[in-house]
Structure formats: structure tokens, C-alpha cells
Amino acid sequence: MNNNNKFYLTTPLYYVNAEPHIGTAYTTIISDCIARFWRLYGSEVSFLTGVDEHGGKIEKTAQENNISPQEHCDITTEKFKDLWSKLNIEYNHFARPSSEHHKKFVQTFFNKVLEKGDIYKGSYTGKYCLGCEDFKTEKELEEGNLCPIHKTPVQDYSEENYFFRLSSYTDKVKKILEDNAELIKPAYRIHEIKAWLDEGLRDFPISRGSVKWGIPIPNDNSQTIYVWFDALLGYLSQLVNNPESLDELKDFDGYTHIIGKDILRFHTVYWLSMLMSAELPLPKQLFGHGFLTKDGLKMGKSLGNIVDPHQLINDFGVDATRFYFIFQIAFGSDGDYSENSFIELANSYLANRLGNLCSRVLKMYTKNMNSTVPTITLNSESKILTATRELPEKVKTHFEKLEPHLALQKIFDVIDIINLELSDIRPWTLFKSESQEDINTAQVLILETLESIRIIANLLSPFMPDLALKILEIYNISEIQNWESLKNINYLQTYNTVNAIPPLFSRIQKEE
Ligand code: MSP
């Protein structure tokens with residue numbers, strides 16, 4: 001997963017027909033957390049997110065708003081960027097399919113696949129769902145010709161189009177999946193994909209005559225390229241300097257796509273076939289995560305129960321927002337948001353377990369240790385230091401398996417160990433003792449805790465970057481440290497600074 005110390009990760013390119021919401025924020029928060037972890041580990045990380053701008057759906061939304069599609073895309077793209085900045089999303093690339101660079105790349109790719117003999121002209125008749133930007137079979141439709149996902153009527157579609165010879169890739173995709181057991185995650189999603197492949201893949205139209213807002217087919221301005229064929233290439237177009245050649249991608253070593261389970265079919269069946277046709281490297285991993293509901297119900301405009309990420313950030317802060325969605329949902333499974341569980345978890349983990357630990361220890365340190373670091377050789381085999389020493393590798397193992405929720409749990413396990421040690425040994429009582437041995441024991445415990453908190457803060461940075469930096473102010477550290485420094489459990493003996501810091505996280509009071 002992390003060969004050559006390079007790591008390339010993508011979110012989907014989100015449609016700009018609507019504003020970003022908690023679902024798109026969820027994918028982006030988790031992906032950012034994973035990207036930040038590998039940066040902390042020292043990998044050369046490339047993290048891409050972006051928007052999906054073309055196609056009939058966006059064209060129609062712009063029309064309804066009485067503005068040009070480009071203007072519409074520009075306005076909504078800013079909304080995505082604004083939310084990502086509020087959520088501390090640190091991306092390296094932002095894909096915009098309406099850029100000249102991307103357009104050229106898509107046309108280059110089209111020509112390559114055409115040369116390969118995988119594109120031909122034909123006619124297509126079927127039912128189309130604009131919301132999905134996809135065809136539906138009669139079997140899939142609900143009563144009244146409704147799309148099962150959008151619950152809106154599908155359109156009759158009949159056009160002369162350019163087709164992609166997908167059918168000839170059925171066996172090749174099957175073989176790829178058989179040979180690469182790690183490609184599809186979580187592993188159980190493979191069954192659904194196998195069922196599609198067993199039905200046999202049908203060639204599909206990759207151009208539209210009826211859609212003007214798109215990339216023109218090379219040498220045929222009467223058709224634009226189908227939005228999915230165009231958008232998937234956004235994962236690669238950003239990586240090349242010269243969009244008129246695919247050569248730069250030949251040795252490109254593996255990448256991970258984080259997507260929702262809703263778009264797994266496009267990413268396995270279509271995307272793998274497209275890449276094979278153009279003779280380009282395939283992704284190493286495709287992770288189809290679950291969907292979020294609110295209070296057990298599907299979120300939607302009609303139910304008026306959409307969770308607004310801006311509201312969460314305003315009410316509870318960015319750290320608690322990131323924490324909740326990473327921690328509370330086993331990555332891969334569906335998950336539910338409720339305000340009660342949000343407040344309970346944030347108070348229990350951020351205010352009580354972590355926040356109180358920092359303030360208790362700093363208070364004892366300031367009061368009883370003259371605010372200086374005594375020269376004491378710590379016992380690296382103590383409970384706290386043993387757990388702390390083992391923590392970075394445990395966290396890494398969970399990131400390797402794309403289990404950020406378990407990585408975070410491991411960090412809180414160590415925080416629990418420290419809290420338990422403090423309750424057992426009761427240093428606040430020992431500091432009052434006449435015996436020097438008792439006082440030493442208390443001092444050692446405080447120093448061990450402080451050493452551990454520094455390492456914990458760095459490890460928390462992928463999850464809650466602001467909170468991590470707040471904790472590191474204890475040590476006058478202004479940037480996340482490197483992986484090597486997490487192995488040093490005698491940091492304070494060298495650097496000698498411990499500052500009191502403001503309370504880390506205030507308990508959230510529930511409004512009645
Ligand atoms: N534009 C396509 C993707 C093209 S990728 C080359 C698209 N865009 S989308 O705006 O509809 O975003 C879909 C993605 O948003 C899902 O795959 C998922 O990552 C995220 N989510 C949207 N709603 C969601 C939930 N309710 N819960 C969790 N994630 C959800 O499809």
C-alpha cells in the first residue's frame with residue numbers, strides 16, 4: 001500500500017449541481033485523515049479532491065439559476081473549497097474538469113482508446129436518470145418509471161453516440177479482481193461486483209449529442225464526452241505536466257480511491273476497463289465506504305433532515321466534527337448521525353478523557369514541580385511508556401488496513417491507561433507526603449504522562465489537526481513533529497519546556 005514511500009489518494013469529484021453536504025464532507029474528512037497520517041509517517045503524499053462539472057444535470061441546474069454553466073460551476077466550486085478549508089482539508093490537487101488542461105487530457109485519452117479500436121459509433125435507446133447520470137434497466141426501475149435512488153422519473157433516451165467497447169473487458173476485469181484480492185475494500189463489496197460481471201458487461205455510449213456542456217469529442221463538435229468518462233479522468237489529468245501525452249503516467253505506482261458504495265460500479269467496471277484500454281496502471285485500492293443517515297433516516301431535501309456541516313462546525317468546532325465522523329462510524333459500514341451521540345462522544349472523549357487529563361497533569365506539574373523538568377531517568381518499561389512506545393506502530397497498522405476509526409480507538413486506549421494509572425497511584429496525594437520516595441514516584445508519573453501526551457498529540461494530528469497543535473503548545477512545539485521523534489520518550493530531558501495551556505475542549509452543553 002505504501003511502496004516507494006509514495007502515497008496517492010483521491011476522493012470522488014463531487015457534482016457541483018448541489019452544495020457540499022455532510023455526505024461529501026464525510027468522504028473528504030476521512031480521506032484527509034488518511035493523507036495526513038501518511039504525511040506524518042514521512043511518505044510523499046499526493047491527495048486529490050475536486051469537483052465534477054460537466055453533463056446534463058449541471059447544465060440544467062445552471063439554466064434554472066439563469067446563469068451560464070461555467071459561472072454556476074465557479075460559484076459552487078468556491079463553496080466546496082470554502083468548506084474544505086473550514087474542515088482543515090489539506091489537499092495537494094483540486095481537479096476541475098472545466099479547465100483547459102483537463103479537457104486536453106481527456107481528448108488525448110479518448111484518442112488513445114479510439115486508436116486501440118475500443119470506440120465505435122452506434123445508436124442507443126434506453127432509460128436515463130439525470131440524477132445518477134446513468135442508464136437504468138427496466139428491471140431496476142420502480143413503479144411509474146422511477147429511478148430507485150432519486151425517486152424521479154427516468155427519461156427516454158435515443159441517440160447516435162460513440163460507444164466504448166466495455167463488453168470485451170468482462171473477463172479482463174474478472175481476472176484483475178481474482179488476482180488482486182486487496183483491490184476492493186471492504187472485501188464483502190466484491191460480491192456485488194461479481195454479480196454485475198456475471199451478467200456480462202454491455203458496451204456503453206461515452207458521448208452525448210443532446211448535452212452541450214461538456215468536452216467536445218475530438219474532430220466531432222456535434223457530441224460531447226459523457227460526464228463519467230470525463231470525470232474519472234480527473235484523477236489522472238492533474239498529475240501530468242503535458243496533457244497531450246499519457247507517457248508520464250506509464251510508471252505511475254498505484255493509487256487509492258476513497259468513494260461511497262453508490263459509485264463502486266463506475267469505479268470497478270468502467271474505470272478499470274478504461275485504464276486497461278489506454279494501457280495505464282490500475283489503482284491499488286478502491287474503498288467503497290457506507291452511507292450516513294440521520295437519526296436512523298435517510299437524509300434528503302424532502303424530509304428536511306440534511307445535516308449541514310457548516311452548522312456542526314459553528315456549533316461544536318471543527319475538531320469535534322472530524323472526531324465524531326471518524327470515530328463513531330466503522331469505516332466501510334453505514335453510519336448514523338444524531339446530535340445526542342455527537343455531544344455524548346465529544347464530551348466523553350475530548351472533554352473528559354483527553355481535556356481533563358491535560359489540565360490535571362499540567363496543574364499538578366505547575367503546583368508541585370516548580371514548573372521545571374527534574375532530571376530523572378524514566379523507566380521505559382512502565383505501563384504508560386510501554387503503551388506509548390507501542391502506539392505509533394499500532395496506529396500505522398490500522399491505517400494500512402484503512403481502519404482510521406480503530407487507529408483512533410487505539411490512541412484513546414492509551415489515554416485510558418494513563419487516566420487509570422493516575423487514579424491508581426494518586427500523585428496528588430503523593431505530592432503531599434513527607435517521603436521523598438513518594439514525591440519521586442509522583443514526579444515520575446507526571447513526566448511519563450507528559451512524554452506520552454506529546455506523542456499522542458502528534459498521532460492525533462491526522463484526526464484533529466487544530467487540537468493536536470493546541471496540545472503541542474505545552475512543549476513550545478508549533479508544527480507536527482516527524483515520525484522519528486515519536487520514538488523519543490526522553491524528549492523533556494532535552495528540551496525542558498512545559499507550558500500551561502488553556503483548557504483544551506469545553507464540554508458541550510445540550511440545549512433543552
Ligand atoms: N460526480 C460523481 C463522482 C465522480 S468521481 C470521478 C458523484 N458525485 S456526488 O456529488 O454525487 O458524490 C457522491 C459521493 O458523495 C459518494 O460516493 C460519497 O462519497 C459521498 N456521499 C454522498 N452522500 C452520502 C451519504 N449520505 N453518506 C456518505 N457519503 C455520501 O457521484
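Readers should treat all values here as calculations from the given coordinates under stated rules, not as data from a laboratory. Note that this is a predicted model, so its numbers are computed, not measured. Cβ placement follows ideal geometry from the backbone for every residue including glycine, while neighbour counts extend to all protein chains displayed.
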Yes/no for Thr24 being within 16 Å of the ligand (Cβ to nearest atom), of a type in the set (S, T, N, Q) and assigned to a helix (DSSP H, G or I): yes
Note on Phe80: of the conditions (1) under 19 Å from Ser207 (Cα atoms); (2) touching a helix residue (DSSP H, G or I) at 6+ places or on another chain (Cβ under 9 Å), unmet is (1)
Would you confirm whether any residue within the stretch 157-173 is touching a Gly at 6+ places or on another chain (Cβ under 9 Å) and of a type in the set (A, V, I, L, M)? no
Does any residue in the stretch 283-294 that is under 11 Å from Tyr337 (Cα atoms) come within less than 8 Å, Cβ to Cβ, of a residue that is assigned to a strand (DSSP E or B) and more than 9 Å from the ligand (Cβ to nearest atom) six or more places away or on a different chain, and which pairs are these? Leu292/Asp336; Leu292/Tyr337; Thr293/Asp336; Thr293/Tyr337; Lys294/Asp336; Lys294/Tyr337
Being over 19 Å from Leu166 (Cβ atoms), surrounded by fewer than 18 Cβ atoms within 10 Å (Cβ to Cβ) and either within 16 Å of the ligand (Cβ to nearest atom) or aromatic (Phe, Trp, Tyr) (or both) is the filter here; which residues of the stretch 250-285 pass it? Phe252, Lys261, Asp262, Gln285
Looking at the stretch 286-304, can you tell me whether even one residue there is acidic (Asp, Glu), within 13 Å of the ligand (Cβ to nearest atom) and closer than 30 Å to Leu345 by Cα? no
Among helices (runs of 4 or more DSSP H) entirely within the stretch 261-361, at least 2 residues that are closer than 23 Å to Asn419 by Cα and not polar (S, T, N, Q) occur in 318-328, 339-345
Suppose we filter Ser68, Ser46 for residues that are more than 9 Å from the ligand (Cβ to nearest atom), hydroxyl-bearing (Ser, Thr, Tyr) and out of contact with any helix residue (DSSP H, G or I) (no Cβ under 7 Å at 6 or more places or on another chain); which single one remains? Ser46
Filtered residues of the stretch 168-221 (kept if under 18 Å from Thr108 (Cα atoms) and surrounded by fewer than 18 Cβ atoms within 10 Å (Cβ to Cβ)): Pro216, Pro218, Asn219, Asp220, Asn221
Tell me, please, whether a residue that is buried (at least 17 other Cβ atoms within 10 Å of the Cβ), within 13 Å of the ligand (Cβ to nearest atom) and β-branched (Val, Ile, Thr) can be found in the stretch 226-242. yes
Consider only pairs whose beta carbons are under 8 Å apart and that are at least six residues apart or on different chains; among these, list those whose first residue lies in the stretch 13-27 and is touching a residue at least 24 places away in the same chain (Cβ under 8 Å) and among the β-branched types (Val, Ile, Thr) and whose second residue is more than 8 Å from the ligand (Cβ to nearest atom) and part of a loop (DSSP other than H, G, I, E, B). Val16/Glu53; Ile22/Ile306; Ile22/Val307; Ile22/Asp308
Quick check, is Phe252 in contact (Cβ under 8 Å) with a residue 24 or more places away in the chain, under 13 Å from the mean Cα position of the chain (by Cα) and not in a helix (DSSP H, G or I)? no
